[in-house]
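The structure appears right after this line, and notes come after that.
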Amino acid sequence: MKYEAVIFDFDGVLMDSGFDGFQWAFEARKNRAEENGWTMSWEDLAQGIFEPDTGQGVRNLLERNSVSWNQLKQMEEAVADRKIKMAANNEIRLFQDSEEILQQLDVPVAVVSNAYNEYLGRLLEELGIRNYVDFWLAPSLKNIENYRKRMKPEPEMVEEAMEELGAEKAVMIGDQIEDVLAARNAGIDSIYIGRNGDKESKADYSVENLAEALEIIQN
């Protein structure tokens, strides 16, 4: 095997959390805001308040909507709580090929996500795959600004995972350009998974499922 470790993104790679276009996450944010009487432009926020950028874009968005960093944190905590409940109730599931690839890999495995570190371990446990994962890491919600600084495509979390796993040669499997760029920035290969057949030119490999990814890893 040409890689010493495999690093997975989580949402869209192992877990099918976007089954409804992430409407469930939008509703969780909206409900938390309404509970607290916060008024904001949902058309603005629906575009994704955690899309990676320089940071100024999100600050401008929050200012336009009179939303504070603390309110943003509370909304994202509501999203994380909802995700845990949906996983426990089998409303959010693993992709059909996720557990199979985790079972077949004979190198250390990490999960590096832009989700929330305080909840990621619980999700792995609820979905029954925690024992397959040697290390997991995501930014903490304790500090929103620091959260954004650690998000992929920044390589910091990928590099920490490699150090933890004792691997110099690893591969990152992701479904977003941020995953591909984080791998490149960390100096490792990337496998882009486009389950609808789309490809990513900046990735070292593009596949449609995890079985194809496993073939690349093993050969």
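The values are calculated or read from the model by the stated rules, or taken from the named source; none is laboratory data. Everything numeric here is computed off the predicted structure, so don't read it as measured data. Every residue, glycine among them, receives a Cβ derived from its backbone with ideal geometry; neighbour counts consider all protein chains shown.
Scanning segment 198-219 for residues being farther than 14 Å from Ile101 by Cα and in contact with an Asp or Glu (Cβ under 6 Å, 6 or more places away or on another chain) gives a total of 2. If you go through segment 113-157 and keep only what is free of Cβ contacts under 8 Å to residues at least 40 places away in the same chain and in contact with an Asp or Glu (Cβ under 7 Å, 6 or more places away or on another chain), you end up with Phe135, Leu137, Ser140, Arg150. Note on segment 1-92: enclosed helices (runs of 4 or more DSSP H) holding 1 or more residues that are aliphatic (A, V, I, L, M), out of contact with any helix residue (DSSP H, G or I) (no Cβ under 6 Å at 6 or more places or on another chain) and modelled with pLDDT of 75 or more are 23-35, 69-88.
Within segment 185-198, the residues that satisfy the criterion of being closer than 15 Å to Val112 by Cα and free of Cβ contacts under 8 Å to residues at least 24 places away in the same chain are Ser190, Tyr192. Tally time: how many residues in segment 133-159 are out of contact with any strand residue (DSSP E or B) (no Cβ under 6 Å at 6 or more places or on another chain) and either in a loop (DSSP other than H, G, I, E, B) or modelled with pLDDT of 95 or more (or both)? The number of residues fulfilling the criteria is 13.
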